[in-house]
Amino acid sequence: MGMENFYNSMLGVLSFFALIFLFRLAISIISYVRYNVSSVKDQIKSKTRTGTANQGPATETESPDYPQEMVYDEVCATEIPKHNSYIVAVDDVYHYFCSWECRQKFVDSLNQSSSNKQVE
């Protein structure tokens, strides 16, 4: 009878440790899956944010999902999409330019014409 009691108690102890092992294994697997899912979500979010931020201006072959309002650049005499333009406001009138250089030429011409008026 003594050996049978010892055997049953050892079997109980081994079963207990086996249960603890399986419980820890399950917790580890769940944690691993959660971490990887959140990591993938973060990667998708960052790619979405940087994907639109790193794009250059739309080319003529790309068609936007919305109608583009076109504006006229007075310096180089071209039409450009309003959302890609540089803007100068003079006396509550907006002037649109295709590049910073065209904008600066316009501003410089305004400064020269205003200095000529002051001299006269």
statement: If you go through ALA77, ALA18, the only one that is in the same structural domain as SER99 (by the TED database), small (Gly, Ala, Ser) and at pLDDT 90 or above is ALA77
message: Could you tell me how many of the residues in the range 80-114 are part of a strand (DSSP E or B) and surrounded by 11 or more Cβ atoms within 10 Å (Cβ to Cβ)?
response: 9
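The values are calculated or read from the model by the stated rules, or taken from the named source; none is laboratory data. Everything numeric in this text was worked out from a predicted model, so none of it was measured. Virtual Cβ from ideal backbone geometry, glycine too; neighbours counted across all protein chains shown.
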